[in-house]
Amino acid sequence: MPLLVTVLLVAVAVAVLPGQATGAAAAAAATADLPVIVQGRTWTLRNGTRFSYGRPGDIHVMGDWDRDGVATPGVFRSGTWYLRNQLAGGNADIVFGFGRAGDVPVVGDWNGDGRTTIGVVRGTTWLLRNSNAAGNPHVRFTFGERGGAPVTGDWNGDGRTGVGMVRDSAWRLRNTLSAGPAEIAFTYGRAGDRPVTGDWNGNGCAAPGVVRGCSWYLRHHLAGGNADVVFTFGACGDAALSTSSAQTARGVPTSLRGTEWTRLPTSEKVVALTFDAGANADGLPKILQTLEETGTPATFFLTGAWTEAEPELAQQVAARYPVGNHTMTHPDLTKLSDAAVRQEIMGADTVIRDAIGRELRPWFRFPYGARDTRTISAANCLNYGSVRWSVDTLGWKGTSGGQSTTTVRTRVLNDLGPGSIVLMHVGSHPTDHSTLDADALRDLITRIEARGYRFVDLDAYL
Ligand SMILES: [Ca+2]
Ligand SMILES: [Ca+2]
Ligand SMILES: [Ca+2]
């Protein structure tokens, strides 16, 4: 497709005011699906409808839960669904549990009875319900590839929602809710785009779209080619979905847009331990053991290169802790071209997502902490937000650099305050082979807790 590369780096918020319905949306048949964006807890439909619902960090979905012909919002929050039957804020009309934290929510009319119901995708296993209530899955099968983004839509217009998986620009769709090969395959969009599906022209069939930054490229056919409709809607980092689908990538917390965190946005006595992995993994076994034995939450930032070298360790980390993107090869991004910045971020996204089988966004950390307005904007437009640190232990300088477990400990304790973000590393020093962060960790955890602080991971601040 013809790509407006410049769009990627223009972090311009396009405000959509109520009543600003577009010609395209107004002209489409009543059954056409609408693009939807969510910023924080504010939902905006492409026809101007706007309301607040859910909490920041929820995963957003829309569907016709009560079969009255109108699609309304819902959110998935760590295994609990909160569905609303009105296009307005308020309390949830339907609340139930299905799936668990880390599952990817999907919605569709799986049995063709006119009611949209829910499901989750766990790796490549699809677990679907035909009613909006807790219970066992009515349909269960495997489809797709690890690391892909699940999508749903009535591809063939028979009234039943089919499934699909999008990996980078490869779309693989299936009309039948059972294990088997893709029935439709094509390429559309590119790595880093967020897929979105809907019946954009009201012809009864769902079709693909991608959201890149705040630009939407919608297609009216199940085939590669040029976008049929292109427009800007929302801002970089907004969650994107349609009135018949779930969002396929997390939005960026508003407090991370155009800026970064050096402390967590909180006044509570909490501390986030963060570990960067870009060199070797020498300190990792000890770190994982200490974290596990002390029950301490933590967050890891991996480079793509490290993950390629240590895929099993990456999986081991991701099984217990949130994982963020630390670029492919750990360069100073401020010295790279726009295209190279994008390649570094998305290269790592693809490699790490493939290895751990889940979304990394929005967590991103700049190598060396080197960033500027341009590169922060580029990260935001790829739905990443930058997490810096309030204290660097300097353990990475090693014993040969004059550091010790005492200096590591002292630096952290001197910085201690609400929302401290501690930067540590999983590797050993390249020449003296010391692993000061790993060695200091257990004592550090004890001393921080003794001062009345508790530990949190970043996912608690989505
Ligand atoms: Ca409805
Ligand atoms: Ca149904
Ligand atoms: Ca169908």
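The values are calculated or read from the model by the stated rules, or taken from the named source; none is laboratory data. Since this is a predicted model, take the numbers as computed values, not measurements. FYI the Cβ positions are ideal-geometry reconstructions off the backbone, even for glycines, and counts take in every protein chain you see.
The set of residues in region 158-197 being among the polar types (S, T, N, Q) and under 18 Å from HIS221 (Cβ atoms) consists of SER169, ASN175, THR187, THR197.
Quick one: which of ARG454, ARG442, ARG411 is in contact with a Leu (Cβ under 8 Å, 6 or more places away or on another chain) and in contact (Cβ under 8 Å) with a residue 12 or more places away in the chain? Please lay out each step first, then the result.
On the way: ARG454 fails: in contact with a Leu (Cβ under 8 Å, 6 or more places away or on another chain); ARG442 fails: in contact with a Leu (Cβ under 8 Å, 6 or more places away or on another chain).
Selected residue: ARG411, the only one of ARG454, ARG442, ARG411 that is in contact with a Leu (Cβ under 8 Å, 6 or more places away or on another chain) and in contact (Cβ under 8 Å) with a residue 12 or more places away in the chain.
Restricting attention to region 254-274 and to residues that are over 15 Å from LEU423 (Cα atoms) and among the polar types (S, T, N, Q), the residue that is nearest to the chain's Cα centre (by Cα) turns out to be THR254. Restricting the search to helices (runs of 4 or more DSSP H) fully inside region 268-341 and requiring at least 2 residues that are touching a residue at least 60 places away in the same chain (Cβ under 8 Å) and buried (at least 19 other Cβ atoms within 10 Å of the Cβ) gives 284-294. Scanning region 85-131 for residues that are buried (at least 22 other Cβ atoms within 10 Å of the Cβ), within 16 Å of ligand 1 (Cβ to nearest atom) and not small (Gly, Ala, Ser) yields VAL107, THR116, THR117, ILE118. Apart from one condition, ALA191 fits all of (1) in contact with an Asp or Glu (Cβ under 6 Å, 6 or more places away or on another chain); (2) assigned to a loop (DSSP other than H, G, I, E, B); (3) closer than 20 Å to ARG46 by Cα; the exception is (3).
The number of residues in region 171-185 that are touching a Gly at 6+ places or on another chain (Cβ under 8 Å) and more than 16 Å from ligand 3 (Cβ to nearest atom) comes to 0.
Cβ-Cβ distances below 7 Å connect the following pairs, each with a first residue in region 220-240 that is within 22 Å of LEU462 (Cβ to Cβ), a second residue that is charged (D, E, K, R) and outside any loop (DSSP other than H, G, I, E, B), and a separation of six or more residues or different chains: ALA240/ARG194. Taking region 231-267 on its own, how many of its residues are outside any loop (DSSP other than H, G, I, E, B) and within 22 Å of ALA379 (Cα to Cα)? Residues that pass the stated criteria total 12. Scanning region 378-390 for residues that are surrounded by fewer than 21 Cβ atoms within 10 Å (Cβ to Cβ) and either of a type in the set (Ser, Thr, Tyr) or in contact with a Lys or Arg (Cβ under 7 Å, 6 or more places away or on another chain) (or both) turns up just one, SER390. Is it true that GLY159 is in the same structural domain as GLY202 (by TED's automatic domain parsing), touching a Lys or Arg at 6+ places or on another chain (Cβ under 6 Å), within 16 Å of ligand 3 (Cβ to nearest atom) and part of a loop (DSSP other than H, G, I, E, B)? No.
Got a sec? Which of ASP68, ASP58 is within 16 Å of ligand 2 (Cβ to nearest atom) and of a type in the set (Asp, Glu)? None of the others qualify; the one that does is ASP68. Taking residues in region 35-62 that are on the phi > 0 side of the Ramachandran plot, and partners anywhere that are among the charged types (D, E, K, R), the pairs with Cβ atoms closer than 7 Å and at least 6 places apart or on different chains are GLY54/ARG41. In region 238-253, what residues are within 14 Å of the chain's Cα centre (by Cα) and over 17 Å from GLY57 (Cα atoms)? None - no residue of region 238-253 is within 14 Å of the chain's Cα centre (by Cα) and over 17 Å from GLY57 (Cα atoms), so the list stays empty.
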